[in-house]
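Everything below concerns the one structure shown next.
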Amino acid sequence: MATASYLPEVAGGMVAAASFIDDTRALAAVALLRGAGVRLQDLSVIAADPARATRIAGADAWTPWKSRGRLLARLYPGAIPAEIRRRYAHALRDGQVVVVAAADGQPPDTLAALLAQAGGMTVERWWQTPGPLFAPPELAGPF
């Protein structure tokens, strides 16, 4: 039986996110969150360059473009939800990487503390409405 992402298609859910100035810190954040029990389908990596986000996410996280090709990612900027663009547009323009974790099993404050521990800047928590930020329920399973 597959388990769906924490963010239901209808309601949404709490997330924590942070921007990282380099790939090494973003990779450390992904490893730290995965080590703390955050599931692959509840973890997303975003960068201005979809290939860079995919490289950082590897097999441990999702990207909004994972189910689309690189060309479609460039043609379809709506893959990044408006709330992320509003909060992190400046960071993404400056070449930073944003790591977002859905609060599933751990409070968003705990996730925010882990993101800060990994060197995250602009650490924030909010209610995220449904969107293509995390793995779709049909792909969410025992990863």
* Could you count how many residues in the range 14-51 are part of a helix (DSSP H, G or I) and β-branched (Val, Ile, Thr)? -> 2
* Structure fact -> Inside the range 14-57, the number of residues satisfying the requirement of being buried (at least 20 other Cβ atoms within 10 Å of the Cβ) and of a type in the set (Gly, Ala, Ser) is 10
* Asked: Would you pick out the residues in the range 1-55 that are under 22 Å from residue 90 (Cβ atoms), modelled with pLDDT under 95 and either among the hydroxyl-bearing types (Ser, Thr, Tyr) or in contact with a Cys (Cβ under 9 Å, 6 or more places away or on another chain) (or both)?
  -> 44
* Would you mind stating whether residue 102 is under 13 Å from the mean Cα position of the chain (by Cα) and at pLDDT 70 or above? => yes
* Check the range 124-143 and report whether any residue there is modelled with pLDDT of 85 or more, crowded, with 22+ Cβ neighbours inside 10 Å and among the small types (Gly, Ala, Ser). => no
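The values are calculated or read from the model by the stated rules, or taken from the named source; none is laboratory data. Just so you know, these numbers come straight off a predicted model, no measurement behind them. In this analysis, Cβ positions are derived from the backbone assuming ideal geometry, glycine residues included, and neighbour counts consider all displayed protein chains.
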